[in-house]
1. Using the membrane-span-like helix rule (whole DSSP H runs, Cα extent along the own axis of at least 27 Å, mean Kyte-Doolittle hydropathy at least 1.6), which helices of chain B qualify?
2. Give the dimensionless ratio obtained when the Cα radius of gyration of chain B is divided by 2.2 N^0.38 Å.
3. Based solely on C-alpha atoms, express the radius of gyration and the Dmax of chain A in angstrom.
4. Compute the label zone of B:Phe111 within the range B:5-32: residues whose backbone N is under 20 Å from the point 7 Å along Cα-to-Cβ.
5. Normalising by the residue count of the range A:248-320, find the relative contact order in percent from Cα pairs under 8 Å and 6+ residues apart.
6. On a 0 to 90° scale, report how tilted helix C:147-172 is relative to the longest principal axis of chain C, with both axes built from alpha carbons and the result rounded to the nearest 10.
7. Taking every residue in A:104-111, how many Cβ atoms of other protein chains lie within 10 Å of its Cβ, on average?
8. If you take every DSSP beta bridge fully contained in chain A, what fraction is antiparallel? Give it as a percent rounded to 5.
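FYI, it's all coordinate maths here, none of it is from the lab. Only a predicted model underlies this, so the values are computations on that prediction, with no experimental measurement involved. Cβ sites come from the backbone with ideal geometry, for glycine too, and all protein chains shown count toward neighbours.
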Amino acid sequence: MIEVRHVSKEFVSPKKYPGLKGAIKGLFSTEKVVKKAVEDISFTIQDGEIVGYIGSNGAGKSTTIKMMTGIMRPTSGECIVNGINPSAQRKKNAQEIGVVFGQRTQLWWDLPLSESFTILKEIYNVSDKDYTERMKFLNQVLQLDDFFDRPVRTLSLGQRMRADLGAALLHNPRVLYLDEPTIGLDLVVKDNIRAAIKEINEKYQTTVILTTHDIGDIEELCSRIIIIDEGKKIYDGSLEELKDTYGTRRTVSMEIKSPKEIVELDLPGKLGVTEQTCKVAFDEERKVLSVSFDKHKVQVPQVLGAVMELTEVSDIQIQETQLAEIVKEIYNHGLNQADS
Amino acid sequence: MKTIKRYMRLYKVLIVQFFKVIMQSKVDFLMGLFGFFFTQITGILFLYLVFEQIPLLQGWSLEQLIFIYGFAQIPRSIDHLFTDNIWLVAWRLVINGDFDRYMLRPMNVFFQVIAEKLQPDALGELLVGSILVIHSCRKGIVVTDALHIGLFFVSIMAGALIYTSIKLFFASFAFWIKTSGPFLQVAYELADFAKYPTEMYAKGIQFLITWVIPFAFVAYLPASYFLGRGGFFGAGSSNVEVIGIECLIAGLFWCIAYSVFRKGISIYESAGN
Amino acid sequence: MRRKLRIYLPFALNEMKRQMSYKGAFYLFILISTFSSFVSYFLWMAIYGSTDRVMLGGLTKEEMVVYIFMVYVTGSIVSISISDWVSDDVVKGTVAMNLIKPLDYRLSLISRALGCSVYNFFVPSVFIWIGLEIYKVNVLGMPVTGVWNVVLYIISCIMSFLIFVLFDFCVGMIAFFTNYIFGLLMVKEALLKFLTGALIPLSFFPEGVRRVFDFLPFSSMVYTPVMLYLGKYSMAELEFVLARQAIWVVLLYLLGSLIWKRVTTRLVVLGG
């Protein structure tokens, strides 16, 4: 079980002034700028959960992960990972966790992958028996055999990610932290990585905490998501709930025969709602009229009726709001505005 | 004990790997070795040309100066060989966040830093140093009784530790100011002063390299003891005290440097902020 | 000519800007770079103190002080290691990019070096130079260096700069044939320090060795301008050393062109 209790992290840096004069001024100035990267975040994660930890760039995701893994100390509050405080008992915690940073490898650049694993076996004190068994499993889910003898620097991004994931799992950690594990990967590799994470989670009950910008990762893997914005937690709950509560928009696209009449259509006026509630767009080339509206305030037949009064409709498509759009809204406006 | 064994085993694994990499690029390795070797040789040639003009330099003979010069290379090269990765902490690892990986593994951080890399070029320096010292012994200018030989090895180890401590101390600044390479470089280059007898420098510099950044205790002072010259602690002293003080300084500086490093780790902020 | 200036001047200006952007850290490097001069200074003072002779290697103690620090000034504006840049370009594979553009690769490197050189002249060499003159007059009791010597020194330095970069360009070409340039560059560094007179005035070498040096371009890189500055040459010698510098500029220019032609043919055939 992971408990994060009222954790905050502040970065203090000397104030910078512009220009050459500023540089000289900066030498003598003692003014400091305090930036709050994470502010009073609390949550609890049970064993075996897969949790998506999401937020826009600079929201404080990585900072939180770094505090949970023991890389950084919180300014206030504490993390307790399986009863261990990572910043106080760094080594003990490290033995229990696996970490993958998508942007940078933790393997030895010049060494063949096989040798990296030999070293990791020593570092994590893995017994020969466990090692053999573990490698067999990792090979099966990550197909490391294909490039096991090649130096890490010669691996493709996808292979490197599989290797990094394997390396993080060699010592059978109870918690796996993944910081953007699918960044820059092609669709097939992404699928493989996701499948592997799922399999590991199911087989070993490994707790997985994952930050990502890829909505696909979240939809495929996470039963629960935590969203942070500007260092504060703004949502913590299941994916379904998020969709139900905030995915209130629906889009109807109609292919129409004679576009001319459409120009005169004032849909919001006709339905008695604001233009914000009911947005109309027309693609002249494809002759497609798209109407996006709040499903609690406007019904589909109302829209269809209004349009069909004016012109003949040859094709209709109805779309629920995608998770990606919900998340985009949240990033843009914060949670409060997203549901209006 | 079990922990020490585990660290030893891991160090061996890492070093073996490292040699495999070197062997894959043998020519590169040999060129680097030759480069360092050659750089040191020019220093000797310089002394040789100078002594074409004068018989003694402030009472020191060419042979004695060559011994000091050669002796200075040995602790330097040992430190260089084993702990070269500390430079990367100062220049790169902290500021770009690569230091993260040491924090994520269940082992001592300092051990991980130094175990990651051997600097084979240092063998060039070690070679020059050893050749010069052996040459001096054969010339009979070095005192070679059991005590001196024993203390010779003690002094080399203490000297290497002083080098390592100074490097670690200045490299640790990186945890506060992100990159401390330039500071480390300034401190490290002061070692150049210690290749020659320190009496010839201005008083301020003498004090600096003897007591502040004590490179004189790594090279010139112990070397003068092995040459049988006394007098650092007043007339009549055999200078054997120098080796004792060298060890004391090594221990003290190591403790200071390592505490600063530990403190630095505790405030490490990683990159991206 | 004006067109060329328009094309290649930005290389020089960019390099200057790049150097300036280092700020704080850079000033420490400047401090470091003077260390070895101070070690030399004390060493030479001890050496002169150990003999009754007034002159060693044809230089008095006072002249030696000038020699040591003018070596620093000269080196900082002359020894711009463009071979490092070449090997960088080769490793990163950006040389091919340079071949695509209608640019003279060598000229662009030399322009960059010029920017670096001008920057080094102002930070910090000119201050060390002025400081040295003040020290010379007030402490060493020597007269201020005459305008004539300064002019000769500057003319000679310009040629030294060209000799150095043209030579170093040829060295850099080795990067195209081997991956092991790092060690080679270190050997080059050590060798040049010795052969150019930066470590010890060439007049300290035995007669036979010096005669060999006369046929090499290295003495023209540092030793010649510094000795000119010290006014150590007679009128006849003066013409000779300056002519020798000019000849080396031409020879190394031709040699570099020849090698570059070979290298580019090879690149085109084998691919970058």
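1. Working: long enough: B:2-24 (34 Å, 0.36); B:26-51 (38 Å, 1.66); B:62-83 (32 Å, 0.60); B:146-172 (39 Å, 1.68); B:240-266 (40 Å, 1.35).
Both cut-offs are met by B:26-51, B:146-172.
2. Working: Rg = 19.8 Å, N = 273, 2.2 N^0.38 = 18.5 Å.
Rg over 2.2 N^0.38 Å, computed on Cα atoms: 1.07.
3. 25.5, 77
4. The answer is B:5-19, whose backbone nitrogens lie closer than 20 Å to the label point.
5. Dividing the mean separation by the residue count of the range A:248-320 yields 52 percent.
6. Long axis of C:147-172 versus the principal axis of chain C: about 40 degrees.
7. On the way: counts 6, 2, 6, 1, 5, 1, 7, 5.
Partner-chain Cβ atoms within 10 Å, mean over residues of A:104-111: 4.
8. On the way: 43 of 61 bridges.
The answer is about 70 percent antiparallel.
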